[in-house]
Amino acid sequence: MSDYPEIAARFARDTADHRMTVLHDDGLYRHLRFAPEESSLFWWDLITWPYNLIVNGSHGSFHFCRFGEDTKDMFVLFRDSRAGGSINPEYWEEKLRAGTAKDWSEAKFRSWLVEEAAALEARYPGAVEAVGKQILNSDEHNIQYEETARFACEQFRHGDVTLRFPDEWDLSFEELDWKYLWQCHAVVAGIAHYDVARKAVAA
């Protein structure tokens with residue numbers, strides 16, 4: 001099962017009417033397109049050549065590459081490394097050559113900030129209220145983005161208390177981006193469509 005059921009459900013809704021068009025199919029060299037019959041809404045392409053696979057479309061472009069005896073055909077990698085029959089985005093991220101899998105998570109930053117404020121409260125009464133007023137519920141600071149969240153931390157003051165934005169190797173506020181997860185589902189679904197079509201031709 002996927003750890004991201006909401007993305008799986010969204011992908012299923014978005015692609016319910018999609019059809020596969022084979023633009024090129026010559027051994028390991030493939031170009032497959034997936035889209036509704038009379039629209040380009042939520043389209044994606046799968047392009048392969050030895051040791052490489054690109055998924056490109058409405059939700060971005062991601063280039064996967066892995067050199068190995070078992071990955072000359074990258075369809076094999078994605079078939080065999082699925083987690084419980086679904087996507088395996090953390091493992092596949094390790095094979096990315098181009099495309100960004102992760103993005104800033106405001107929710108993770110907020111959670112950390114609440115914990116930091118609670119830890120400070122015992123020694124510095126009013127810290128929780130100050131963090132809420134100056135950062136979490138502030139009209140002056142926008143924490144939707146990493147740069148502005150860093151600035152909000154730098155500007156925070158409560159008596160002698162300051163906040164240090166964690167170093168990336170200590171704590172990351174990134175999480176897998178929903179567009180990357182959507183495209184992971186696109187790879188799995190595209191390969192499945194292709195396999196079914198090949199079996200039908202061979203029958």
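Quick note: the coordinates plus some simple rules give every number you see, no bench work behind them. As the structure is a prediction and not an experimental result, all values here were calculated from the model. Ideal geometry is used to build each Cβ from the backbone, glycine not excepted, and the neighbour counts take in all protein chains shown.
Values computed for the structure shown
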item	result
Rg/Rh (Cα only; Kirkwood hydrodynamic radius) as it applies to segment 104-175	0.94
Square roots of five times the Cα gyration tensor eigenvalues for segment 18-61, Å	20, 13, 4
Most mobile listed residue (VAL188, VAL131, VAL55) in the chain, GNM with C-alpha springs under 10 Å	VAL131
The chain: relative contact order as a whole-number percent, Cα under 8 Å and 6+ apart	19
Karplus-derived 3J(HN,Hα), 6.51/-1.76/1.60, for each residue of segment 98-113, Hz, glycine and proline x	8, x, 10, 7, 10, 9, 4, 10, 4, 4, 5, 5, 4, 4, 4, 5
Acute angle (nearest 10 degrees) that the helix 146-155 long axis makes with the longest principal axis of the chain, alpha-carbon atoms	10
Acute angle (nearest 10 degrees) that the helix 5-14 long axis makes with the longest principal axis of the chain, alpha-carbon atoms	50
Computed E for ASP170/GLU146 - FRET, C-beta separation, R0 25 angstrom, nearest 0.05	0.95
Under-19-angstrom lysine pairs by C-alpha in the chain, whenever the two are 8 or more apart or on separate chains	5
Neighbour net charge for LYS108 - beta-carbon separation under 10 angstrom, K R +1, D E -1	-2
Whether segment 1-101 is rounded, prolate or oblate, judged on the alpha carbon gyration tensor where a/c under 1.5 counts as rounded	oblate
Added length on full extension, which subtracts the Cα-Cα distance from 0.36 nm per residue, ASN137 to LEU28	33.9 nm
Directionally averaged shadow of the chain, computed from the convex hull of its alpha-carbon atoms, nm²	14.8
Built amide H within the under 5 Å cut-off of LYS102, gap 5+	ASP177
